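First comes the structure, then the notes that go with it.
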Amino acid sequence: MAARLVAALPEDPAAVMAVAARLTPEQRRGLGRLPWPLPSAADAVPLGMLSTPDRLLLLTVALTFEDDLDPVLAVDGRGVEEVRASGASPYLVIHAGRVRFADPRMETRVHATASAAEVAHTHARLAALAVRRRDRVAAAWHRARGGAARDRLSAAALTAGAPAAGGPPRVPAAAGEHEARRGCQGDDGKGTAH
């Protein structure tokens, strides 16, 4: 458990301790699954003060398959200069066609404050974009992460595509999470969006 926290919060021992303090005793001992997203240790950022488009832009960045700027702009509908002039800009680093959070802990904060409907809708939009771009692995990843029901095709695509993707480490993890979710859901196949 400690290694996963250190990897998620590099070079920030205070944040590791703050997050660990918010976990259950079982989670701290490695006997329970860590929540995702991890509890936020970031300073409270007034996300409610942002406009809805800016807040959803940050959510899109948090949920993207990779750090490629193009899908974020396509889903958001604004150009790069408009995004740089937006209220979300201080929280982002945009450079050479890539986008990331200026503070990696912000991703957890944004994800934690979004509604399940916003997360599911954003994943659906990113999945549709991946389909148009013929990126089967990214489409399956977004369907699996945003789906409220079992999706054996997404799980199969993730499992098959993970070794070939050679890219984001999230692919094998998402495949495993999706398989685990399928196994622990009720017979009705209902679950929650991530």
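A few comments on the model shown:
- Take the Kirkwood radius over Cα pairs of the stretch 22-131, plug it into Stokes-Einstein at 20 °C and 1.002 mPa s, and you get 145 µm²/s for translational diffusion.
- D68 paired with E26, simple spin-label distance in nm, labels 7 Å along Cα-to-beta-carbon: 4.0
- Diffusion of the stretch 45-92 by Stokes-Einstein, at 4 °C in a medium of 1.567 mPa s and with Rh set to the Kirkwood radius over alpha-carbon pairs, works out to 120 µm²/s.
- Among 88-101, 107-120, sorting by the average number of other beta carbon atoms lying within 10 angstrom of each residue, highest first, gives 107-120, 88-101.
- The stretch between A102 and H121 holds 4.4 nm of extra length on full extension. This uses 0.36 nm per residue minus the Cα-Cα distance.
- Each of H95 and R133 was given a label point 7 Å from its Cα along the Cα-to-Cβ line. The distance between the two points is 2.1 nm.
- Computed lengthening from R33 to V80, 0.36 nm per intervening residue step minus Cα-Cα distance: 13.1 nm
Taken together, the values in this text are just the output of simple stated rules run on the coordinates, not laboratory data. Just so you know, these numbers come straight off a predicted model, no measurement behind them. Here Cβ is always computed from backbone atoms with ideal geometry, including for glycine, and neighbour counts include all displayed protein chains.
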